[in-house]
Structures are given as structure tokens and as C-alpha cells.
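Report on one structure; see the data block that follows.
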Amino acid sequence: MKKTILSLASVLAVATTSSMVVSCDDERINISEDIEENHLGFLPNSKNEIVFSALKKANPNIDYKGLVLILYSSYAILSNSTGSLKYKRDSSAKFYYNSKLSFGSVYGNSTNCNFNKYQKKCNISINILDKTYDEKIDGKIKSRNNIYTTMEYWIDENKNFIMVTFEIKENNEEFFCNVINASIEWNDTYLVGVNMTNQ
């Protein structure tokens, strides 16, 4: 009789434990499964709200709560980095668009600036895709993470390009002792990644 009671107790314990096991599999879906259109066409500006508006119009099925949008020269990355309940952790999707300024391609938007003690300037050309570009209305370009160099630029009179010049600051020997990365940004867009090499 005691053996029977022990056996029943063991069965109940196993059953109770089994019912408490929670699956560790992430049953959420990838953002890509809700995409209807990933080409957003030409947008008048690179501000976050303008790109987001076009994205929502083209893809109304996406649940945007908890998603983050990062803008690059000709594409945008929508990712779950803040805790979406619908999409898998680290899920992301790529969307393509063009605006008035552009650099590089959908495969990358970085470039190298090679400096040495005799070569202290570096030029980068940014394409103007729409001649209606007006920096007073559409926003100026700016440099970020740029403590060792100065940045100046001028706009081509035919509005085909913007020529950007980085120059090492005077008496700045510390520049040659560090790995330098800077960027050129336009509104909310990471337009150009600049890898500054020194010799």
C-alpha cells in the first residue's frame, strides 16, 4: 500500500512540474514578414518623421511600437531594439529611398581620408540629386565626432555636388597617435562615414 501511494505521488509531482515548463523559443515573427513594400521612392527630405511617414504609408501592417528607425544615405534600417512584443529580438528590415543628397550606395556609405604630415587635407564629394536643394530650407550638412580636424564645404554653382574638405587642425600631433572616425550628417541621416587614416 505504501508503495502505491509513493508511486502516485511521484506521478503527480512529474505532472505538476511538466505543466510549469515554459517554452524558451521566441514565437514572435521577423519584421520582414510584415513588409509589403521596401522601396519608398524619392523623399523630399531626410528627416526622421518624413521617412517614417512614407514607411507607414507603404507598410500599414507593421506594428511600429517599440521599433527604431536609423537613416543612411539611400536606405533605412527598421529594427527591434527597444522591446517590440510582436517581432523577434534583434529583428530588422532594410528599406530603400532617395532624397536630395546622396553618398555611396545601398551597399555602404563610408569612405577613407588618408592623412600624413605632408597631406593634411581630404576632399569628399556628396551628390546632389535634386537641384531644388536649398540648405536654408532643407538643412545644412554637419560633422560629428570630429575633434582633430575642421570641416568646410562649398556647393557647386550648378548644384551637382557638395565638396567637403577635412583638414587637420594646426599643431595637432595627437591626431597621428589615434584612430579617428568621423561622420557627415544631414538632418537625421548618417550620410557619410569617414575613416581617417594617418601615417
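Within segment 148-163, residues that are in the same structural domain as LYS120 (by TED's automatic domain parsing) reach partners that are basic (Lys, Arg) and in a loop (DSSP other than H, G, I, E, B) with beta carbons closer than 7 Å, at six or more positions or on different chains, in the pairs TYR148/LYS169; THR149/LYS169; THR150/LYS169; LYS159/LYS131. Here CYS113 passes the criteria (1) modelled with pLDDT under 95; (2) out of contact with any helix residue (DSSP H, G or I) (no Cβ under 8 Å at 6 or more places or on another chain); (3) loosely packed, with under 13 Cβ neighbours inside 10 Å; (4) not β-branched (Val, Ile, Thr) except the one numbered (3). On the basis of being among the hydroxyl-bearing types (Ser, Thr, Tyr) and within 25 Å of ILE50 (Cβ to Cβ), does TYR118 make the cut? Against the criterion (among the hydroxyl-bearing types (Ser, Thr, Tyr) and within 25 Å of ILE50 (Cβ to Cβ)), TYR118 does not qualify.
For TYR118, state whether it is of a type in the set (Ser, Thr, Tyr), more than 23 Å from the chain's Cα centre (by Cα), farther than 20 Å from TYR97 by Cα and at pLDDT below 95. So TYR118 passes the test.
Got a number for residues in segment 42-68 being part of a strand (DSSP E or B) and modelled with pLDDT under 95? Looking only at that region, the number is 1.
Residue by residue through segment 100-122, note down the ones that are hydroxyl-bearing (Ser, Thr, Tyr) and farther than 18 Å from LEU40 by Cα. Within segment 100-122, SER110, THR111, TYR118 qualify. Only residues that are within 16 Å of THR165 (Cβ to Cβ) and out of contact with any Asp or Glu (no Cβ under 8 Å at 6 or more places or on another chain) were counted in segment 180-191, giving 4.
Remark: TYR97 matches the filter, which requires a residue to be assigned to a strand (DSSP E or B) and not acidic (Asp, Glu).
The values are calculated or read from the model by the stated rules, or taken from the named source; none is laboratory data. Because the structure is a prediction, the values reported are computed rather than measured. Here the Cβ is made from the backbone with ideal geometry for all residues, glycine too, and neighbour counts use every protein chain on show.
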